[in-house]
1. Would you please name the residue that is modelled with the lowest pLDDT, looking only at residues in the stretch 42-59 that are part of a loop (DSSP other than H, G, I, E, B) and surrounded by 14 or more Cβ atoms within 10 Å (Cβ to Cβ)?
2. Which residue is modelled with the lowest pLDDT, if the candidates are limited to the stretch 1-36 and must be closer than 24 Å to residue 57 by Cβ and either touching a Leu at 6+ places or on another chain (Cβ under 6 Å) or part of a strand (DSSP E or B) (or both)?
3. If you check every pair at least six apart or on different chains, which have Cβ atoms under 6 Å apart with a residue in the stretch 22-37 that is closer than 17 Å to residue 52 by Cβ first and a residue that is part of a loop (DSSP other than H, G, I, E, B) second?
4. Checking the condition open to solvent by less than 90 Å² (accessible area, probe 1.4 Å) and at pLDDT 90 or above, which residue from 62, 39, 90 passes?
Amino acid sequence: MYQFKLNPITRQLNLVKDAIDLGSAFQGVYDNATSYVLSDVVAKDGKLYVCLQTGTNHDPSSSPTYWDELDLQGPMGPSGADGGAWFHVSGTSDPNNT
């Protein structure tokens, strides 16, 4: 899962080595007093949600008929190289760790 930080000037979510531009759809951090409309996007508790229908005071984390969590996970990448052998350092000079 990605971690992101909102840039309030550009209204972009800055990811590690990347950025997502949500343009005017991004409404900032969720506010229960704000009326949201279809396709608005908000941030709450480190997650992004897209509005499914017009409404006010419907918490994105607990109102699935009003909000859907955006999944920022990309496709699985290729397998990496084998990390090789590892060992435990116990603080003793005994190579058998006895």
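The values are calculated or read from the model by the stated rules, or taken from the named source; none is laboratory data. Note that the coordinates shown come from a computational prediction; the quantities given were computed from them, not determined experimentally. Note: ideal-geometry Cβ built from the backbone for every residue, glycine included; neighbour counts use all protein chains shown. Please note that ligands, DNA and RNA were not included when accessible areas were found on the heavy atoms of the full protein model with its side chains. Shrake-Rupley method; radii C 1.70, N 1.55, O 1.52, S 1.80 Å.
1. That would be 52.
2. 6
3. 25/39; 26/11; 27/40; 30/60; 32/57; 37/54
4. From the options 62, 39, 90, the qualifying one is 62.
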